[in-house]
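Input: a single structure, listed below in structure tokens.
The values are calculated or read from the model by the stated rules, or taken from the named source; none is laboratory data. Only a predicted model underlies this, so the values are computations on that prediction, with no experimental measurement involved. Every residue, glycine as well, gets a Cβ built from its backbone with ideal geometry; the counts of neighbours run over all protein chains shown. Protein only, heavy atoms only, side chains kept; ligands, DNA and RNA dropped before computing areas. Shrake-Rupley method; radii C 1.70, N 1.55, O 1.52, S 1.80 Å.
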Amino acid sequence: MTESLILRELLAAGQGWVSGGAMATKLGVSRVSVWHQMEKLRSQGFEFEAQPARGYRLSKMPPMLHPGLVEAQLKVRRKGFGFEVRETIDSTNDECARLLAAGRPVPFAVFAQRQTKGRGRFGRVWHSESSGNLYSSFAFRPRIAPERMQTFTLWMGVNLCELIANFTELVPGLKWPNDLVFDGRKAGGMLTEARVDADHIRDLVFGLGLNVNSPAAGWPADLASRAVALSELAGKPLDLNRLTAALIGRVLLAYESFVAGDHLEKFPELWHRYDRLRGRRVAVLEGGRRHVGAVSGVDDEGALLLRDDQGRSRRFRAGEVTLEKT
Ligand code: BTN
């Protein structure tokens, strides 16, 4: 805790100096304790200038995910919310499921520098080697009906687009139901998983993999033409810790408005803004069958609406969508 408070003071000072004594008084700890924390931060890749008369000035931060830097940049501290950053984990979704099963209070989130068994939809592998990317999962226990899960992912998707658009000035898009795309290349994917009791959701994990700072040359051959990182599109590395702090704020807010039902007013306009499939000719692969048609939108349950060549309307609750050549 002291660590993130110290970082908060140093970040707030920007290029200015913060005196060790003033920090100690403000945080209610000894000067020695501040000094110890600064040394610990140095060993984690932070660099400070120190001048006896002026104090400390932050000159370098580690590029990797750092819990203190995330905590220090949270705009709002939500009561009861906790998160952890793991160096290596099998899957942040799986870790959340285990913690939920063990009874951990919600909401909470798990982040990882890398995953050894990152999963995507249809049990696919989510390439999770670069520690410059975001591997995150949020855990909740919502009292909602299971059929609302699809709209939950779509709602989270538009919120993530808003977050990325504000943070980077890039123009993101969504490919139903869970892909974050830029001109057809995928920068992120969402995986919502729930345990269901009779007619309601017992607990829910919202997973997000976002390619933030991975080098363009680092993708395996099969992904090289399909995957992209935000840094490549922005032409510069992004501040992973500030982005993660903003993500936490956005996801928690979006979750609350979904559970309260007041997202319904905003969703159609936002979906319209970010949906990249509307009007496009696509093929939907569902249960081994391929259906071709033009996308006319999504319905109230988040199902994809397709008008086939005979003019018939079809709806798909799940499926893999590919763009047809025109
Ligand atoms: C997809 O596009 O198919 C969804 C990909 C979701 C990947 C994220 S990375 C963090 C979380 N943990 C996982 O194992 N999967 C999700």
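For a quick check of your reading of the model, give me the residue pairs whose first member lies in the range 210-222 and is within 17 Å of G189 (Cα to Cα), whose second is among the hydroxyl-bearing types (S, T, Y) and not in a loop (DSSP other than H, G, I, E, B), with beta-carbon atoms closer than 8 Å and at least 6 apart or on different chains.
L210/S136; V212/S231; N213/S231; S214/S231
Spot the failing condition for A294; the list is (1) modelled with pLDDT of 95 or more; (2) surrounded by fewer than 17 Cβ atoms within 10 Å (Cβ to Cβ); (3) closer than 23 Å to E147 by Cβ, and only one is missed.
Single failed check for A294: (3).
Consider G21 carefully, then state whether it is open to solvent by less than 50 Å² (accessible area, probe 1.4 Å) and at pLDDT 90 or above.
Against the criterion (open to solvent by less than 50 Å² (accessible area, probe 1.4 Å) and at pLDDT 90 or above), G21 qualifies.
Within 21 Å of P105 (Cβ to Cβ) and open to solvent by less than 20 Å² (accessible area, probe 1.4 Å): does that describe A254?
yes
When only residues in the range 195-215 that are under 20 Å from the mean Cα position of the chain (by Cα) and farther than 16 Å from E95 by Cβ count, which is surrounded by the fewest Cβ atoms within 10 Å (Cβ to Cβ)?
For the range 195-215, the residue satisfying everything is P215.
I need every pair where a residue in the range 86-98 that is touching a residue at least 12 places away in the same chain (Cβ under 8 Å) and part of a strand (DSSP E or B) has its Cβ under 6 Å from the Cβ of a residue that is within 9 Å of the ligand (Cβ to nearest atom) and acidic (D, E), sequence separation at least 6 or different chains.
Listed by first residue and then by second, the contacts come to I89/E95.
Please enumerate the residues belonging to the range 197-223 that are more than 16 Å from the ligand (Cβ to nearest atom) and within 23 Å of L160 (Cβ to Cβ).
Across the range 197-223, the qualifying residues are I201, P215, A216, G218.
So in the range 99-148, with the set limited to residues that are of a type outside the set (A, V, I, L, M) and assigned to a helix (DSSP H, G or I), which one is nearest to L252 (Cα to Cα)?
R148
Being more than 15 Å from the ligand (Cβ to nearest atom) and of a type in the set (F, W, Y), is that true of even one residue in the range 148-157?
Scanning the range 148-157, I find at least one residue that is more than 15 Å from the ligand (Cβ to nearest atom) and of a type in the set (F, W, Y), so the answer is yes.
Do you know which residues across the range 181-193 are more than 10 Å from the ligand (Cβ to nearest atom), open to solvent by 40 Å² or more (accessible area, probe 1.4 Å) and touching a residue at least 12 places away in the same chain (Cβ under 8 Å)?
G184, R185, listed by residue number.
One residue is enough: does the range 310-326 have a residue meeting the conditions part of a strand (DSSP E or B), open to solvent by less than 20 Å² (accessible area, probe 1.4 Å) and modelled with pLDDT of 95 or more?
Within the range 310-326, one or more residues are part of a strand (DSSP E or B), open to solvent by less than 20 Å² (accessible area, probe 1.4 Å) and modelled with pLDDT of 95 or more.
Quickly run through the range 59-77 and pick out the residues that are open to solvent by less than 30 Å² (accessible area, probe 1.4 Å) and part of a loop (DSSP other than H, G, I, E, B).
Listed by number, the residues that qualify are P62, L65, H66, L74.
Kindly indicate the residue of the range 44-58 that is on the phi < 0 side of the Ramachandran plot and within 28 Å of the chain's Cα centre (by Cα) and also least open to solvent (accessible area, probe 1.4 Å) among those meeting that condition.
F46
Hey, can you tell me all the residues within the range 94-137 that are basic (K, R), open to solvent by less than 70 Å² (accessible area, probe 1.4 Å) and more than 7 Å from the ligand (Cβ to nearest atom)?
Across the range 94-137, the qualifying residue is only R104.
Which of (1) within 16 Å of the ligand (Cβ to nearest atom); (2) open to solvent by less than 40 Å² (accessible area, probe 1.4 Å); (3) not hydroxyl-bearing (S, T, Y) does I144 not meet, given it meets every other one?
In the conditions (1) within 16 Å of the ligand (Cβ to nearest atom); (2) open to solvent by less than 40 Å² (accessible area, probe 1.4 Å); (3) not hydroxyl-bearing (S, T, Y), I144 misses (1) alone.
Which one of L270, L277, L264 is among the hydrophobic types (A, V, I, L, M, F, W, C) and touching a helix residue (DSSP H, G or I) at 6+ places or on another chain (Cβ under 8 Å)?
Of L270, L277, L264, the one residue that is among the hydrophobic types (A, V, I, L, M, F, W, C) and touching a helix residue (DSSP H, G or I) at 6+ places or on another chain (Cβ under 8 Å) is L270.
Being open to solvent by 50 Å² or more (accessible area, probe 1.4 Å) and either among the polar types (S, T, N, Q) or closer than 30 Å to G209 by Cα (or both), is that true of even one residue in the range 31-38?
No, because not a single residue in the range 31-38 is open to solvent by 50 Å² or more (accessible area, probe 1.4 Å) and either among the polar types (S, T, N, Q) or closer than 30 Å to G209 by Cα (or both).
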